[in-house]
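Below you'll find the structure, written out as structure tokens, and then a few comments.
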Amino acid sequence: METLEKFYKVTAHQEYEKNPKLTVKDVQELLTWSNENINLHGKMIELQIIMFLHACDYDKEYAKKVICQCYTLRAKKCLPYFSARDPAHPFNQRQLDVVNINIIPDEDTRYSYIWSQLKIVDSSQYYPTVATKLTFMAIELDQIECGTKPGYIMVLDSNRFGLSHALRYSLSNARNLMTYVQEGTSFIIDKIFVLNVTSGTERVFSTMKPFMSSSLINKVVIKSVSKTNEFIKTLPQKVVPKDYGGLAPDMGETNELLKKKLLENRDYFLEEEKFRNGHVKDEVDTTIDSNDKDDISSFKNLSID
């Protein structure tokens, strides 16, 4: 059976040196368990196990649950986020023209900042499921290139994000997304900063909040338009794009770099999908709101600074 080892730019040896709590015994034990219990079309490798163990604070039993959830959700409820991941697919390429997605590493702390903002205001061109899928692909690419990280910090600029954008969210997809983020990821979300909050942002957060644990809710920091600029000044300026007055390259430049890197690693995404599903889906899921708006809770409990 095939593995994905040839696509990784880091080695297990480097990860053992980087993470003192990581042991060969634990990794091998979990690797054997995974290949005996997880239904895949290939064999898992040490580096995949290391990602999960690191995200689970090296708790083997917890890691088993997360691995199970990861591949179960990717195959079923979260399939729209993890199928048709060909970076060259015209629809995926087009969504990267609608939304800026940027990963900027902090070399000192080893955290990575993921910045996201709308480039095109027309909500009819915005597909939240596809944009989220591309964000996961960016994180996955960062993992195969850099290995484990202490965490990812999401910086979501909701300027231009209106109610018409929010109404394109499917409640069922939002529920499944929150399940995956909390129970099935091989990476750590450290913080989620939502900037320039709008009525559209409020609606999306209200959609997702009932499905979020208190620990995840506590990671979310929401800043109003009047407080955004001052908040950005508190971030390390080397991870703040020039668009916001920082020292990092502007959003357009790093977004184009991400597009290029995704295409350069196209074979990985095609093989990874075959590894999980046995085939590559060609049709991109563009599911939007499914007329379940009445189930969305009110905005009253939002904590906006």
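Grouping the Cα pair distances of region 70-183 into 5 Å bins from zero gives a pair-distance distribution of 2, 11, 19, 22, 23, 15, 6, 1, 0 percent in increasing distance order.
Our coupling estimate for region 11-21, obtained by passing each phi through the Karplus curve with A = 6.51, B = -1.76, C = 1.60 and θ = phi - 60°, is 10, 4, 4, 4, 5, 5, 5, 6, 10, x, 6 Hz, Gly and Pro reported as x. Looking at region 127-170, the pairs of alpha carbons with a distance over 15 Å make up 57% of the total.
Using bins of 20 Å that start at zero, the share of Cα-Cα pairs per bin across the chain amounts to 32, 61, 7, in whole %.
When the Gaussian network model of the chain links Cα atoms closer than 10 Å, the mean-square fluctuations of 187, 136, 52 top out at 136. Solvent exposure of region 124-177, expressed per residue, is 26 Å² of accessible area, with all protein chains present and a 1.4 angstrom probe.
Ratio to report: Rg/Rh of region 93-245, with Cα atoms as the point set and Rh obtained by the Kirkwood method; give two decimals. With Rh from the inverse mean 1/r over Cα pairs, Rg/Rh is 0.93. Surface composition of the chain: carbon plus sulfur atoms contribute 50% of the solvent-accessible area (1.4 Å probe, protein chains only, all chains present). Under a Gaussian network description of the chain, with springs only between Cα atoms under 10 Å, the residue in 55, 138, 88 that fluctuates furthest is 88. Taking amide hydrogens as placed 1.01 Å from N in the peptide plane, the amide H of residue 280 sits under 5 Å from that of no residue at least 5 positions away in sequence or on another chain. Our note on the geometry: Cα centres of region 91-109 and region 1-56, 26 Å apart.
Normalised by the number of residues in the chain, the average gap of Cα pairs under 8 Å and 6 or more apart makes the relative contact order 23 percent. One compactness figure for region 1-49 is 1.17, namely its Cα radius of gyration divided by 2.2 N^0.38 Å.
The values are calculated or read from the model by the stated rules, or taken from the named source; none is laboratory data. What you see is a predicted model, and the numbers here were worked out from it, not measured in a lab. Ligands, DNA and RNA are excluded from the accessible area calculation, which covers all protein heavy atoms including side chains. Shrake-Rupley method; radii C 1.70, N 1.55, O 1.52, S 1.80 Å.
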